[in-house]
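The values are calculated or read from the model by the stated rules, or taken from the named source; none is laboratory data. Note that the structure is a prediction, hence the values are computed from the model and not measured. All Cβ positions, even for glycine, are placed from backbone atoms using ideal geometry, and neighbour counts span all protein chains on display. With ligands, DNA and RNA removed, areas are computed over all heavy atoms of the protein, side chains included. Shrake-Rupley method; radii C 1.70, N 1.55, O 1.52, S 1.80 Å.
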Amino acid sequence: MSEAKTILKTSIDLKKIRADFPILSRKVNGKSLVYFDNGATAQKPQQVIDAIDRYYKEQNANIHRGVHTLSQEITIAYENSRSTIQKHLNAAYSHEIIFTSGTTESINLVATSFGKKFISQGDEIIISEMEHHSNILPWQVVCEEKGAILKVIPINDSGELLMDEYKKLLSDRTKIVAVTHISNTLGTINPVKEIIELAHAKNIPVLIDGAQAVPHTSVDVQALDCDFYVFSGHKLFGPTGVGILYGKEKWLNELPPYQVGGGTIKTVTFEKTEYADLPLKFEAGTPHIEGGIGLAVAIDYINEIGLSKIAAYEHELLLYATEALQKIEGLRIIGTAKNKASVISFVVDGLHPFDIGTILDQLGIAVRTGHHCTQPLMQCYEIQGTVRASFAFYNTIEEIDEFIIGLNRAIKMLK
Ligand SMILES: Cc1ncc(COP(=O)(O)O)c(C=O)c1O
């Protein structure tokens, strides 16, 4: 028996958990769905679906603006959700939690507002070679607008950041560092605490893209001492269209508003506007109310299971799948870092990832194929794309067995 299989002792109640996710019992192409595209978006438990349903059936009203009962009730519920998220991240204050539409908007917000105030000609911004396009493009735009320079931390063949190169890039010209906590393509878990410490030693703030980290690991923003931490609700078993920007109070107070309009103000005259205090200063317009509420329900849900149990179980899935994939001839895993989350990208000699993905889909198995919004990383490995299987805590060893059988079948058909 394999090493992974012998040590697999799941301490989570898989049967109960799977029953919470209605979509897991649906058929795709006549087969039971095997959902291994959790890195793109995660499925939602009934508890989150019920919260959204309840909002529209019983609670629908706008927040922060009404004296009537519905508006007051939903304002309290929305602000309670902010507090749930604050506690989950161990942020010092709930006004350090800004609701956005997702990771992408959170990064655009910081890049735009920070860039406007703090970036000038010749300044430098550090990102890494494994960033998602959402953590490249907003910085590229700032660089173009301000005449600043984008510096990129390189990686080794395993997909780990070259920390010595990072140290060399940090300079008096560096204005901000923005790196991913966990790579969506490679699964690499980056040493973010060390990255932050090194930057702070030179008084440089750090933004961490936590889109792929929050579903797999607990995050303590005060222990990390990050200046900004961003993520999306939909990858964390919550609704789409909602995300979070955590920012240290000091920075959020200093940054100018990103978008302006209703909700962001104290007073407005045609001559002058005085902006609201945090967090409203960054929350223009009617937000995704049921999204914020649903996200807090999702967080309560994963905390009920326990993130340390989730991480341990997913690590077993990762080991088991990695071992099985390594036995397939001509298959190369892209991303073999020592410290990895449950994301496996791979290529198969002579085969196109799309073709593999299409055959797997016929078998009811959902994986992602392509560049995963990390084209510069693909260029680094000199490949067009990969097949990516990304696991969540509701996935099972039996599903991995089915995936391996399906993959072998696909390879045989395509070769
Ligand atoms: C590491 C990382 N950053 C950013 C994003 C963008 O997230 P969203 O599309 O939810 O804004 C993703 C999505 O895949 C991601 O994996």
## Note on the structure
With 0.36 nm assigned to each residue of separation and the Cα-Cα distance removed, Lys272 to Ile383 gains 34.6 nm
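Quick check: residue separation of Gln362 and Thr286 times 0.36 nm, minus the Cα distance between them. What number comes out in nm? Don't skip to the answer; put the middle values down first.
Numbers: separation 76, 0.36 × 76 = 27.36 nm, distance 4.12 nm.
The Gln362-Thr286 span can extend by a further 23.2 nm.
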#### Entry: Estimated FRET transfer efficiency when R0 is 30 angstrom, pair Val260-Val141 (beta carbons, to 0.05)
0.95
## Note on the structure
Within the range 155-188, the residues whose backbone N lies under 17 Å from a label point placed 7 Å from the Cα of Ala223 along the Cα-to-Cβ direction are 181-182
### Per-residue SASA entry for Asp164, accessible area with 1.4 Å probe, Å² rounded to 10
100 Å²
### Query
At q = 0.13, 0.15, 0.19, 0.22 Å⁻¹, what is the log10 ratio I(q)/I(0) for the range 116-189, with the Debye formula run over Cα points and no solvent?
-0.37, -0.49, -0.76, -0.96
### Message
If each residue of separation counts as 0.36 nm, what is the full-extension length gain between Tyr56 and Ser171 once their alpha-carbon separation is subtracted?
### Response
36.2 nm
### Summary
Among Leu252, Ala311, Thr358, the residue whose Cα sits farthest towards the positive end of the charge dipole of the chain (+1 at Cβ of Lys and Arg, -1 at Cβ of Asp and Glu, taken about the Cα centre) is Thr358
### Per-residue ³J(HN,Hα) for the range 18-35, Karplus 6.51 cos²θ - 1.76 cosθ + 1.60, θ = phi - 60°, Hz, x for Gly and Pro
5, 5, 6, 10, x, 5, 5, 9, 7, 9, 10, 6, x, 10, 5, 5, 10, 9
#### Entry: Relative contact order of the range 49-304, defined on C-alpha pairs under 8 angstrom at six or more residues apart (%)
24 percent
### Task
Could you pull out the pairs from Lys31/Lys412; Lys16/Lys412; Lys57/Lys266; Lys193/Lys338; Lys117/Lys202 whose alpha carbons sit more than 25 Å apart here?
Lys16/Lys412; Lys57/Lys266
### Positive-end residue, the range 49-304 charge dipole about Cα centroid, Cβ charges, pick of Val67, Ser81, Ile195
Val67
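How do Lys281, Lys168 stack up against each other in accessible area, from largest to smallest, with a 1.4 angstrom probe? Can you show the working numbers first?
On the way: Lys281 20, Lys168 145 Å².
These residues rank, largest area first, as Lys168, Lys281.
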### Query
Carbon and sulfur: what percent of the chain's accessible surface (1.4 Å probe)?
51 percent
### Summary
Ranked output for segments 337-344, 356-363 by mean other Cβ atoms within 10 Å, highest leading, reads 337-344, 356-363
### Task
Please state the charge dipole magnitude for the chain, taken about the Cα centre, from unit charges on C-beta atoms (+1 on K and R, -1 on D and E), reported in debye and rounded to the nearest 20.
420 debye
### Task
Can you send over the solvent-accessible area of Asp225, 1.4 Å probe, protein chains only, in Å² to the nearest 10?
60 Å²
#### Entry: the chain - convex hull of the alpha-carbon atoms, volume per residue in Å³
147 Å³
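Within the chain, which is the longest segment containing none of the GluC sites (Glu not before Pro) that sit in a DSSP loop and have at most 10 other Cβ atoms within 10 Å? Before the final figure, lay out each step's value.
Details: sites that count: Glu271, Glu329, Glu382.
It runs 1-270.
Is it possible to state the helix-based mean residue ellipticity at 222 nm for the chain, with each DSSP H run of 4+ residues giving -39500 (n - 2.57), the sum divided by total residues, to the nearest 500 deg cm²/dmol? What is it? Don't skip to the end; give the middle numbers.
Numbers: 15 runs with 165 residues, N = 415.
Theoretical 222 nm ellipticity from helices: -12000 deg cm²/dmol.
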## Note on the structure
Taking R0 as 25 Å and r as the Cβ-Cβ distance between Lys27 and Leu414, the FRET efficiency 1/(1 + (r/R0)^6), rounded to the nearest 0.05, comes to 0.55
### Query
Rolling a 1.4 angstrom probe over the protein heavy atoms, how many square angstrom per residue are accessible across the chain?
43 Å²
